[in-house]
Amino acid sequence: MIRTRREVLGGHTLYRADCVRVLKRLPSESVDVVVTSPPYNLGLAYRSYKDRLTEDDYLTWMEGVCREIARVMRDDASFFLNIAGSSAQPWLPFELMVRLRQIFTLQNHISWVKSIAVGDVTFGHFKPVNSSRYINRNHEHVFHLTKNGDVMLDRLRAGVPFTDKTNIARRQHRADRRCRGDTWFIPYETVRSRAGKFSHPGTFPVALPERCLALHGVHAESVLLDPFMGTGTSLVAAEKSGIRGIGIEADTTYVRVARERLRAVIAERAG
Ligand SMILES: C[S@@+](CC[C@H](N)C(=O)[O-])C[C@H]1O[C@@H](n2cnc3c(N)ncnc32)[C@H](O)[C@@H]1O
């Protein structure tokens, strides 16, 4: 069993620990936004976590984690759960959602598009699938789960300007801003080595949790939780959004990376 280690950095709390142990100790209804990407059970080469449980063990474990997440969420909190399947396990994200149906309402389902071809021009990056049966997987799911499906969102903060400006007056909009919809194109930055991705096999770009925070609509008192913090991307987004974050990660090396990333962003913001 991993011994829990807790540290405070600026307004953020980082735990090197098993997330269920820490979640059980967090007060009920104390978190506003959860943004997380758990292990997908696809056999990724994490430093210490073995990403290959039986499907049933994985689903039962994740259900237990999510019950604790629900307990610590305020009634008007949002839980953005990023997960993907694979050609070998295409049903897994949906099997998990069926389990979570007992706990949450699926308020929105966002497709995080990592790469897209518009006409003949391709934007973004993806891991190619070498197969004549399967096409490349260019998107992942972001399930927006809430307690009752009635959480008010800041659609315009996460929105986009109108392309056709005549829409503003014609449709009586108050600003040049509209909801961007449920397809989010957020490419990875171009990197040339594993170090460019913090030597971690499954990070998401900072812009993804930033957009989740904008959509939920956070203020100075808001608290973000990421129970599978990895290299601290969600906490970096929390810092950039001016809110406090709680991150939990089982692997000491990834916690160190998270600490270093967070320190750099805190220093940058302090000027
Ligand atoms: C998909 S990664 C998260 C990556 C993160 N979003 C980022 O951008 O760096 C999942 C993480 O969960 C961690 N993990 C696995 N089991 C855990 C547990 N029981 N408690 C806490 N963290 C765990 C793994 O070490 C891994 O870093």
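The values are calculated or read from the model by the stated rules, or taken from the named source; none is laboratory data. Note that the structure is a prediction, hence the values are computed from the model and not measured. Note: ideal-geometry Cβ built from the backbone for every residue, glycine included; neighbour counts use all protein chains shown. The area values use the complete protein model at the heavy-atom level, side chains included, leaving out ligands, DNA and RNA. Shrake-Rupley method; radii C 1.70, N 1.55, O 1.52, S 1.80 Å.
Quick notes
- Test: residue in region 94-103 that is surrounded by 13 or more Cβ atoms within 10 Å (Cβ to Cβ) and over 20 Å from the mean Cα position of the chain (by Cα): no
- Number of the exception - Gly149 against (1) open to solvent by 40 Å² or more (accessible area, probe 1.4 Å); (2) small (Gly, Ala, Ser); (3) under 28 Å from Val65 (Cα atoms): (1)
- Helices (runs of 4 or more DSSP H) wholly inside region 154-269 containing at least 2 residues that are modelled with pLDDT under 95 and more than 16 Å from the ligand (Cβ to nearest atom): 166-170
- Filter result (within 13 Å of the ligand (Cβ to nearest atom), assigned to a loop (DSSP other than H, G, I, E, B) and open to solvent by 70 Å² or more (accessible area, probe 1.4 Å)) within region 27-48: Arg47
- Residue check, Glu140 among the charged types (D, E, K, R), closer than 16 Å to Phe80 by Cα and open to solvent by 10 Å² or more (accessible area, probe 1.4 Å): yes
- The one condition in (1) modelled with pLDDT of 95 or more; (2) in contact with a helix residue (DSSP H, G or I) (Cβ under 8 Å, 6 or more places away or on another chain) that Asp57 fails to fulfil: (2)
- Contacts under 9 angstrom Cβ, first residue in region 36-53 being of a type in the set (S, T, N, Q), partner open to solvent by 40 Å² or more (accessible area, probe 1.4 Å) and near the ligand (Cβ under 7 Å from one of its atoms), 6 or more apart: Ser48/Ala250
- Within region 136-155, tally of residues that are among the acidic types (Asp, Glu) and within 18 Å of the chain's Cα centre (by Cα): 2
- Tallying residues that are of a type in the set (Phe, Trp, Tyr) and buried (at least 16 other Cβ atoms within 10 Å of the Cβ) within region 71-93 yields 2.
- If the condition is being more than 10 Å from the ligand (Cβ to nearest atom) and assigned to a loop (DSSP other than H, G, I, E, B), then region 11-26 contributes Gly11, Leu26.
- Scanning region 216-231 for residues that are under 28 Å from Cys179 (Cα atoms) and surrounded by fewer than 24 Cβ atoms within 10 Å (Cβ to Cβ) yields Gly217, Val218, His219, Ala220, Glu221, Ser222, Val223.
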